[in-house]
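Here the structure is laid out as structure tokens; the discussion comes afterwards.
Please treat every number below as a calculation from the coordinates, not as lab data. This structure is a prediction, so every number in the text was calculated from the model and none was measured. Cβ sites come from the backbone with ideal geometry, for glycine too, and all protein chains shown count toward neighbours.
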Amino acid sequence: MTDEKDLSYQEAIEELRGILQKLQGDLSDIDQLEVLMKRAEVLIRFCSTKIKNMETRLADIIKEIETD
């Protein structure tokens, strides 16, 4: 597991896909399930923040273009 500050959006998505595959498979270890769910939560928050930041940047660019 990579620290999310060193992670790209694409890497986070790929890690989430891997977690999903594990969750859809034969996962009987409740402790591993807890670890996977916590990591998924971190990754989802990371991706959500990236998307929100990009939306803000795009809105700023559009405003700048419209005022020119």
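For the structure I just gave you, tell me whether Asp31 is of a type outside the set (S, T, N, Q), surrounded by 10 or more Cβ atoms within 10 Å (Cβ to Cβ) and in a helix (DSSP H, G or I). No. Entry remark, the stretch 16-41: residues being touching a helix residue (DSSP H, G or I) at 6+ places or on another chain (Cβ under 6 Å) and in contact (Cβ under 8 Å) with a residue 24 or more places away in the chain number 3 in total.
When the stretch 2-28 is filtered for residues that are of a type outside the set (Ser, Thr, Tyr), in a loop (DSSP other than H, G, I, E, B) and surrounded by 10 or more Cβ atoms within 10 Å (Cβ to Cβ), the ones remaining, listed by number, are Leu7, Leu27.
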